[in-house]
Amino acid sequence: KKKIDYVISAISGLAGLKPTIDIIKFTKKIAIANKESIICGWNLIEKELNKNNTKFIPVDSEHFSVWSNIKNIDPGSIEKVILTASGGPFLTKSNKFIKSATIKSALKHPNWKMGKKISIDSATLMNKVFEFIEAMRIFNLNKNKLSILIHPKSYVHSIVKFKNGLINITAHDTSMRIPIFNSIYYPINKKISTNSINYKILNNLKLFKPSYTKFPSLRLLKNIKNKTSLYETILISANDCLVDLFIKKKIRFTDIIKKLNKILNFKEFKGYKYKKPSNVEEILNISEVVRLKTIKLCIK
């Protein structure tokens, strides 16, 4: 049967994994905007992409910007990939303020208009933890080649340093229209109406290392291995459940990362760091177990 030209997978959560895998054989090109699918099941997705000769384009602004920089380049020539993070609504807030953070304050992202779940992930910086793992998988990079910098204006989306000394910085407006538009029309360079270059921001980029004290979620990256494992399913599922509990006012904002660490250190889950997902059902079954244990931990 004739393949369709383009599909975008944007179903939220792990519910998007099976439909993403199922649609690959029917399309020439797929853009995936579902973090959970890539983080938990990249080995399964990549297998289907190769099997069906389907082109993959990441559509998150950070990953699209990296991809646009390296798509025709030998991965071995990459020295460093830097992802940028705005720092979310609590970047300039005190630790005391963060400890008593409300849902309303956590949802006030300074640059992007997003749904509740992703806005909370941005406030904890878990969103950037997820994007770091995504970049490892998509671009087949060891984590020592990746780093995160805070960039409050969200104008620069990624920086790639090559072994030949060149540094490519990708910047664009804080609008998902740009990566989505370009993923649809690739490889054709179509014109899209955008703002003029913002020299005011370019002259004052403010890139700096994040504080692990303010954003303890970043410490979770030390446990992530260079190949996809079922440990990421535990990370994703527990965080999803904890964010939902915070939105429902069952736990405090700072409990999200504290309780996430507890769950990740459960003895029964530690072995999953070294086990590769074998199928979608395995991922979904483990996810459900993690969700039940997370609720049990938080609600007495």
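The values are calculated or read from the model by the stated rules, or taken from the named source; none is laboratory data. The structure displayed is predicted, hence computed values, not measured ones. Positions of Cβ are backbone-derived with ideal geometry, glycine not excepted, and every protein chain shown enters the neighbour counts. Heavy atoms of the whole protein, side chains included, go into the accessibility calculation; ligands, DNA and RNA do not. Shrake-Rupley method; radii C 1.70, N 1.55, O 1.52, S 1.80 Å.
Based on Cα positions only, what radius of gyration and what Dmax would you give for region 102-176, in angstroms?
Reported Rg and Dmax, both Å: 14.2, 47.
Taking the chain as a Gaussian network, where each spring joins two C-alpha atoms under 10 Å apart, which residue of S158, S211, S119 fluctuates the most?
S211
Given springs between every Cα pair under 10 Å in a Gaussian network model of the chain, which of N239, N52, N43 has the largest fluctuation?
In this elastic network of the chain, the residue with the biggest mean-square fluctuation among N239, N52, N43 is N52.
Are there any chymotrypsin sites (Phe, Trp or Tyr not before Pro) in region 231-277 that are in a DSSP loop and have at most 15 other Cβ atoms within 10 Å? List them by number.
Passing both the DSSP loop test and the Cβ count: F266.
Using alpha-carbon positions, what is the distance between the centroids of region 222-256 and region 47-107, in Å?
17
Calculate, for region 159-215, the solvent-accessible area per residue in square angstrom, rolling a 1.4 angstrom probe over the heavy atoms of the protein chains.
Details: 4160 Å² over 57 residues.
That works out to 73 Å² per residue.
With 26 Å as the limit, write out which pairs from K51/K80; K161/K275; K116/K258; K25/K276; K3/K51; K29/K225 have Cα-Cα distances beyond it, or answer none.
Details: K51/K80 30 Å; K161/K275 32 Å; K116/K258 20 Å; K25/K276 23 Å; K3/K51 14 Å; K29/K225 28 Å.
Correct reply: K51/K80; K161/K275; K29/K225.
Rounded to the nearest 10 Å², what accessible area does R137 have for a 1.4 Å probe in the complete protein model?
Rounded to the nearest 10, the figure is 10 Å².
If you roll a 1.4 Å probe over the chain with all protein chains in place, what percent of the accessible area is carbon or sulfur? Walk me through the numbers before you get to the answer.
Working: 8130 of 15200 Å².
The value for the chain is 54 percent carbon and sulfur by accessible area.
Could you work out how far apart the two model spin labels at D173 and L202 are, taking each label as a point 7 Å from the Cα in the direction of the beta carbon, and quote it in nm?
Roughly 1.6 nm, to one decimal.
When you have a sec, figure out the Kirkwood radius of region 23-153 from all distinct Cα pair distances and drop it here in Å to one decimal?
Working: mean 1/r = 0.0616 Å⁻¹.
The Cα-based Kirkwood calculation yields 16.2 Å.
Kindly report the accessible area of region 1-116 per residue (heavy atoms of protein chains, probe 1.4 Å, no ligands, DNA or RNA), in Å².
Counting only protein heavy atoms, the per-residue value for region 1-116 is 49 Å².
Would you mind counting up the charge near E134? Only other residues with Cβ under 11 Å from its Cβ, with Lys and Arg at +1 and Asp and Glu at -1.
Details: positive: K35, K128, R137; negative: E36, D60, E62, E131, E232.
So the surrounding residues net to -2.
Compute the Rg/Rh shape ratio of region 218-277: radius of gyration over Kirkwood radius, all on alpha-carbon atoms. Could the numbers behind the result be given before it?
Values: Rg = 12.1 Å, Rh = 12.1 Å.
Here the Rg-to-Rh quotient is 1.00.
Could you tell me the accessible area of L166 in Å² (1.4 Å probe, neighbours in place), rounded to the nearest ten?
In the full protein context, L166 sits at about 100 Å².
Around I184, with a cut-off of 11 angstrom between Cβ atoms, what is the net charge of the other residues, counting Lys and Arg +1 and Asp and Glu -1?
Working: positive: K29, R177, K190; negative: D5.
Summing Lys and Arg as +1 and Asp and Glu as -1 gives +2.
Give, as a single signed number, the net charge of other residues whose beta carbon lies under 12 Å from the beta carbon of K29, with Lys and Arg counted +1 and Asp and Glu -1. Intermediate values should be presented prior to the final figure.
Values: positive: K3, K28, K55; negative: D5.
Overall, the nearby charge balance is +2.
How big is the chain by the Kirkwood estimate over distinct Cα pairs, in Å? The partial results should precede the final answer.
On the way: mean 1/r = 0.0500 Å⁻¹.
In the chain this quantity evaluates to 20.0 Å.
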